[in-house]
Every structure is written in structure tokens, then in C-alpha cells.
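Q: Before we start, here is the structure in question, set down as C-alpha cells.
Nothing in this text is a laboratory measurement; each read-out follows from the coordinates by a stated rule. If you're wondering where the values come from, they're calculated on a predicted model, not measured in any experiment. Using ideal geometry, Cβ is built from the backbone for each residue, glycine included, and neighbour counts are taken over all protein chains shown.
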């Protein structure tokens, strides 16, 4: 079926592009790196691309420097693997002009572009689909590939906390640990790599905590002044909304982020690891 | 061997006490509840005891009200299972006076008391050892038992983040999810149940963050005034030392906790999830 068709495309071609969505998360980077390194191990010519640089917290991944953020002039590929992207536009690359065949591998719903489309919303991460493809190729993941896949699963399940962490997620994570992945190495890099700027910003933002009288709503606020005072930048506040959300009884958490004198961007999070919109 | 001997003791006796260490963590509660409920399913008379009440964040566990913090007068048991205790004293119960046979099941090193002693420091949690015993009994865990075991593993691996999360940890977690455990239900209760008091205290403590010029040391401080101002109590600060520890580059984190006018208790944490002493 679809996995078999992907394997035939791998076997019958030589030049591959592997790309995921810009502003990459752990699954985008992990999936890209795992597939790219595996294809190289199989003797293929591979360019692994992301429009944005690999985030600092993921730079511990072995061989992550194969990921580039620019392509050589006149690049052309037999196959482009587009991973975890949801929409082709999110690669920020003219993928269609660069290759003959587009293969979309994703676990997001409504992700239906591509000449071949391998989408499974039951998978907790695109890394799971890459793992399945590699197993079907009878490819034994190297430690570098195993770490990259583990990062993808860890990241998209919020450290195995979300309901998306199903039986297969644990089975694959266990297999990857069996291949030599150290959970602490991956998780401490991903989750215990706060910058001093972020921590200072948090210490200034957290005192703004407001909890509604019902206890069902809680909010924190970041003003332009706070941001300036901390020396941090806006992206250092990523995930801050999880602090009010983590309070017992709170159903909806809000993060007010002042972006101009009279303008606030508001992020919402509901209980249940569901983004209720930004 | 030892597991077989434990099964014989289960089969040949009727009255069981199951107890873990006072001030219980997730593994102590999860293991106690899982073994107690399983023994009841097998038709045994069981008292599940903990010297301290079950923590609020674990009260979502089904049938957790079987856990009691006082024993009927003149209690006597055939077997006492002492779980996750390290030392018999930590049960805060005169176990030897209460039963004929003490069976110690634990994953802590140097835990060598008991007439039977089943200790395996390779197990990430005592819950893993309980799972092994139940499997050897050919007992199919109920959903209540599965949730309790999952809580134990989740708790002692820090949500599968520590290096103690080995291949067996993932295999068992996957099996428990296959039995119907929802990872989000367990993890959100355990990790996203901050009280408003704790969050207010954190917002007052975090601004005390100091990072050494080398970036290798970081500290936060809680004064008597801070505590009073927050309306929280000292135990609301459990785990606060993880905030300075989570900063990239920090090797040792310190938490100064003022306990009297001129007295500070200092908690240390090193990188690597190792407690370097309190």
C-alpha cells in the first residue's frame, strides 16, 4: 500500500529533498533529520532543509548540521519528502518547482497535498510514520536517527503527557531507548534549557497572575515595559500560558501579550492540551 | 525464584496488609493501590495503609478510598507487603508486631529488610515490580489497577524524562495504555494541579533568581516574609529548585528557604536529575 509505494520511490530514485514546516518544532526537526540521515545511510543524495535555523535546544542532536536553510542554485530532486507540514506553503520553499514527485508524510488532519500522501492522524507524531517507513525498509536506525525520532515523539506528546501518547508511541519510544537513546539527554535538552532571559521574563510576568473568582479562568499579562525590563524577546514567552493553565480548577487560561501601546495579542489554552485558538 | 515465592505467599494466605513509606509520592500510592486492589480481586482480605493521607493530586485514582491512615484495633495479618519504603521505619507502623511475614518490594538500593526481599534497582519504580508480580500471577489488571501502576511509573520517571525510564518502563506504560489508561488524565492530575497558593508563591519567589557570573550556579530564595505574603505554606514550594536548575548552562541549583530569622534550609540540585543533598 502507501508505505510500499514510498519504499519503491526510495529504491528507484537517487536525489531527495527532505523538508518540514518553517518555525520547526521537535517533530519537524526530528522527522526531517531521521529521514535524511536514514536515506544517506541507504546511499542516497539528500538535502535536508528548513527555512528557519534549527532551534538551539535541539542542537544536541548528532549530525544535526546536515540541516540547511538555503539550497544550492539550480537544485533539482527526484523526490521531495514534505514532513509534518499540514500545508505545502508552510515549507516556505517552491517545492513543486524543485522536484518531480512530492511525498507528503504527516499526522495532521486535512493534510492532503502531494503525489503520494501518507497521513495518519492516529499517530502521535510524524516521527512515528517515519519509524514505520524505516521498519518497512528493514532499516536499523542508527543512534543519531533513534535520537531524532525520540525527540519527535517526546516533543509532540508533551513528554508522553497528552492523550495522543498511545500504545504505539510507547512501543516505539521503548524500542528507541533499546537502541541506546538516553531519555534524560533528550528531555533535559528540550525541557531544561531555559535561557536566563526567559527565566527573568517569567519572574516579571508571573506576578501578573489573575484568577477569576470562580477559579475557572486565569490569566497572566506581559507588557511592553516588562519585556524591555527583562532584556528578553517576545519568543522567550513561548508556553507561558501553561503556567495559569496548570492551576487546579482552571479550565481556560489566557496570556495577554502587549504588542503595541493599545494592542494585546491574547493566547488561550483550555484544559486537555487543546489549543482553543490564538 | 523470588517472584514465585511471593506468589506462593499470596496463594497460601488470606489476610494482607499493604503499606508504603509515609509522606507518599506517586510510586508509593500507585504501588500500594495497585497491589491492594489486585489482591482484593483475587478474593483476599486486604488493608491498604499509609501513615499520611493520599495527596490531593492523586485522588482522581479510582477506588483510592480503600487507602486508610488508621488500622482497626487488634489488627493482625498473615502477610505485610512493604512497598517502596527503603527502610521499615518509613512505614511509621509497627509492621513486625502486626503480621507473620514481611515481604519487601522495592527499587531503592540498600533496601534489605523483610522475610522475603524483592529488590531490583534496575526498575524505574516499585510499580514495575508490582506489575511483574501481577503478570506472573496471570492477573489481568483492572483499569483502576492500570491507572495506579501508570501513576507510579510516570511519577518516578518524572514523566519519562529521567534516565531511569528504560525499555521496560516504556513497554509497561504502553501495555497499561493498551488497557485503557489515558496518559493525559493521569499526567494532568499529577502535573497540572498547581494550587493558586503555589502559583502565587512562585510569582513571589522567582524574582529572587540569581545566576552566577559563570552561569554554572543559580539560586532562588524564599523568605519568611514571602511565604507570609503569599498565603501559602512551605510545602507549596516543593520542586521550586527545578526552576533555577532548568536554566541552560546551570550545573548546580540552590533553593534558600528561610525557616527562622537567621536560619536558611538550602536545597541543592545538580544537572542530571540527581539530588545532591538537602
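Q: Using only the Cα atoms of region A:196-270, construct the convex hull and provide its projected area averaged over every direction, in square nanometres to one decimal.
A: For region A:196-270, averaging the hull's shadow over all directions gives 4.7 nm².
Q: Is region B:162-238 rounded, prolate or oblate when judged by the Cα gyration tensor, a ≥ b ≥ c being the square roots of its eigenvalues, rounded requiring a/c under 1.5 and prolate requiring a/b larger than b/c?
A: Here region B:162-238 falls in the oblate category.
Q: Rounded to the nearest 10 degrees, what's the angle between the helix B:196-205 long axis and the longest principal axis of chain B, both from Cα atoms, 0 to 90?
A: So the inclination is approximately 40 degrees.
Q: Working from Cα positions, state the angle (0 to 90°, nearest 10) between the long axis of helix B:26-41 and the longest principal axis of chain B.
A: 20 degrees
Q: Something else: How fast does the protein assembly as shown diffuse by Stokes-Einstein, in µm²/s, taking the Kirkwood radius from C-alpha pairs at 10 °C and 1.306 mPa s?
A: Translational diffusion coefficient: 62 µm²/s.
Q: Run through the other copies and list how far each one's label point is from that of residue A:182, in nm with one decimal, shortest first; the point sits 7 Å from Cα along Cα-Cβ.
A: 3.6
Q: A further question follows. Which FRET efficiency, nearest 0.05, do residue A:270 and residue B:97 yield, Cβ-Cβ r, R0 41 Å?
A: Plugging the Cβ-Cβ distance into 1/(1 + (r/R0)^6) gives 0.20.
Q: Another question, then. Counting other beta carbons within 10 Å of each residue's own, what order do A:246, A:208 fall into, fewest first?
A: The fewest-first ordering by Cβ neighbours comes to A:208, A:246.
Q: Further, regarding this structure: For chain A, find the longest principal axis of its Cα atoms and tell me its angle to the long axis of helix A:2-11, 0 to 90°, nearest 10.
A: 60 degrees
Q: How much length is gained on full extension from residue B:242 to residue B:225, taking 0.36 nm per residue of separation minus their Cα-Cα distance?
A: 3.9 nm
Q: What is the fewest-to-most order of B:191, A:162 by other Cβ atoms lying within 10 Å of their Cβ?
A: Ranking B:191, A:162 by Cβ neighbours within 10 Å, fewest first, gives B:191, A:162.
Q: Still on this model: Return A:255, A:81 ranked ascending by Cβ neighbour count within 10 Å, so the fewest neighbours appear first.
A: A:255, A:81
Q: Starting from a label point 7 Å past Cα on the Cβ side, list the distances from residue A:8 to the same position in the other copies, nm, shortest first.
A: Its label point is 6.1 nm from the equivalent points in the other copies.
Q: Something else: Below 8 Å, C-alpha to C-alpha, sequence gap of six or more: please give me the relative contact order for chain A in percent.
A: 14 percent
Q: Same structure again: Just to verify a number: FRET efficiency for residue B:216 and residue A:195, C-beta to C-beta distance, R0 = 22 Å, to 0.05?
A: Efficiency computed from Cβ-Cβ geometry: 0.90.
Q: Suppose R0 equals 35 Å; then what is the FRET efficiency for residue B:235 and residue A:120 from their Cβ-Cβ distance, rounded to the nearest 0.05?
A: Calculated transfer efficiency: 0.20.
Q: Now a separate question. Find how many whole Å separate the alpha carbon centroid of region A:111-139 from the alpha carbon centroid of region B:1-57.
A: 43 Å
Q: Counting only Cα atoms, I'd like the Rg/Rh figure for region A:113-173, Kirkwood definition for Rh.
A: My calculation of the ratio gives 0.98.
Q: For a paramagnetic label modelled at 7 Å from the Cα of residue B:15 toward its Cβ, which residues of region B:85-105 fall within the zone defined by backbone nitrogen distances under 17 Å?
A: Of the residues in region B:85-105, B:94-103 have backbone N under 17 Å from the label point off residue B:15.
Q: Looking at the P(r) of region A:110-225, how many percent of alpha-carbon pairs lie beyond 24 Å?
A: Cα-Cα pairs of region A:110-225 separated by over 24 Å account for 48 percent.
Q: Shape verdict for region B:49-136, please, from the Cα gyration tensor: rounded (a/c under 1.5), prolate (a/b greater than b/c) or oblate.
A: Judged from the Cα gyration tensor, region B:49-136 comes out oblate (a/c at least 1.5, b/c at or above a/b).
Q: Based on the alpha carbon coordinates of region B:2-191, what radius of gyration and maximum Cα-Cα distance (Dmax) apply, in Å?
A: 15.0, 44
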